[in-house]
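Here is the structure we will look at.
Each reported figure results from applying straightforward, stated rules to the coordinates on display, with no laboratory input. On a predicted model such as this, the values are computed, not experimentally measured, just so you know. Cβ sites come from the backbone with ideal geometry, for glycine too, and all protein chains shown count toward neighbours.
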Amino acid sequence: MTRTAATVAVFLLLAVASLFAGVSDLTPGAVLAGDPAALNLLLTSRAPRTIAVVLAGGSVAIAGLIMQMLARNRFAEPSTSGTVDAASLGMLCATLLLPDMPVIVKMMVAAAFALAGAGLFMGVLARIPLSSPLVTPLVGLMLGNVIGAATSFIAYRYDLLQSLAAWSNGDFSTILRGRYELLWVAFALAALAWFTADRLTVAGLGRDFSVNLGLNYRRVLLFGLSIVAMVTAMVVTTVGMIPFLGLAAPNLASMALGDNMRRAIPLTALLGAGLALACDLLGRLVNYPFEIPIGTMMGVIGSVLFLYLLLGKRFRAG
């Protein structure tokens, strides 16, 4: 069995396990027998939740790959570049200023803030000497902390800390049919990157190189950052922040396939969805019958992988 086939098999096993894991009793036998209660639970809660985890995981992973390509750094992704924090600030401002507007309008406001945050991150990187690849995530984390502090202050002043907590920590426990469909759009936008992978790859080589090849660098950069911002806003609006997922999946894919973005996008999406499924399952089983949000689980696992990549590169360089 090839490595890709093994990855697909593990992903399918995780998806099936996700359908039948939970406090409410649901078995394959009851579903196959056509039990009305089992079918209702499957179609109303379990299947939407599994689909939402897959769509969110794949979308965030591809967004992380795009961010890494444009920033030319393996440690850049929405949660380490201030993009997620900016999206949360946008949702907070939309909730305060546009309380009666539909969710899609608030999501667009969050996307605009996320795009501004990603643009600010790229602008800061362009103006500081990057003597080490570790500078990039440090800049992003500091920028995110500044935005996060401002967001927390505003939320505290207007008694919205509970809403902010929902956007800041990914959680699929409230996903039901009819409450996750925005993630289909997020995944479609992320998949759009596959059709422009060559342009994004060239843009990732730097402005001067891109211009010499006749590529409109600014337009491609704006296009890539817009995808990252839209995906981030939709995921944050629907399920909250999933930290480090956009860092882990692209790096694992690059270890297997190298830096060919067109080849890496499908595997990156698959690994992102698989990691999200695994963390969501662990969150449901570790403290059963209670549930640990996926944001917490992915934060622990992702931070360990983040440290491994940092230390591993340092040791290899030494």
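Below, the figures for the structure above:
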| item | result |
| --- | --- |
| From the coordinates shown, mean projected area of the Cα convex hull in nm² corresponds to which of (i) 18.1; (ii) 19.6; (iii) 16.0 | (i) |
| Sum of side-chain charges, GLY170 neighbourhood, beta-carbon under 13 Å (Lys, Arg +1; Asp, Glu -1) | -2 |
| CD proxy at 222 nm, helix term only [per DSSP H run n ≥ 4: -39500 (n - 2.57); per residue of the chain; nearest 500] | -24500 deg cm²/dmol |
| Relative contact order (percent, whole number), the chain, Cα cutoff 8 Å, 6+ residue spacing | 30 percent |
| VAL304/ALA191 FRET efficiency (R0 25 Å; Cβ-Cβ; nearest 0.05) | 0.30 |
| Among VAL124, VAL31, VAL54, residue whose mean-square fluctuation peaks in a GNM of the chain (springs only between Cα atoms under 10 Å) | VAL31 |
| Net charge of neighbours whose Cβ lies under 13 Å from the Cβ of VAL236, counting Lys and Arg as +1 and Asp and Glu as -1 | -1 |
| Exposed trypsin sites (Lys or Arg not before Pro) absent - longest run of the chain, DSSP non-H/G/I/E/B, at most 16 other C-beta within 10 Å | 180-318 |
| Descending semi-axes in Å of region 42-183, equivalent ellipsoid built from Cα gyration tensor | 28, 20, 12 |
| Most fluctuating residue given options ILE292, ILE128, ILE265, as computed from a GNM of the chain linking Cα atoms under 10 Å | ILE128 |
| Region 81-105 residues near the modelled ARG157 label - backbone nitrogen below 19 Å, point 7 Å along Cα→Cβ | 86-99 |
| Distance in nm between pseudo-label sites at ASN212 and ASN40 (7 Å out along the Cβ direction from Cα) | 6.7 nm |
| Phi-based couplings in Hz for region 33-40 (Karplus 6.51, -1.76, 1.60; Gly and Pro marked x) | 7, x, 4, x, 5, 5, 5, 5 |
| Helical segments meeting 20 Å axial Cα length and Kyte-Doolittle 1.0 threshold in the chain (DSSP H) | 3-20, 47-71, 83-97, 103-126, 135-157, 182-195, 217-238, 261-285, 294-317 |
| Charge sum, other residues only, whose C-beta stays under 12 Å from MET91's C-beta, Lys/Arg counted +1 and Asp/Glu -1 | 0 |
| More than 18 Å apart - percent of Cα-Cα pairs taken over region 223-285 | 44 percent |
| Gaussian network model of the chain, Cα within-10 Å springs - most flexible of GLY64, GLY283, GLY29 | GLY29 |
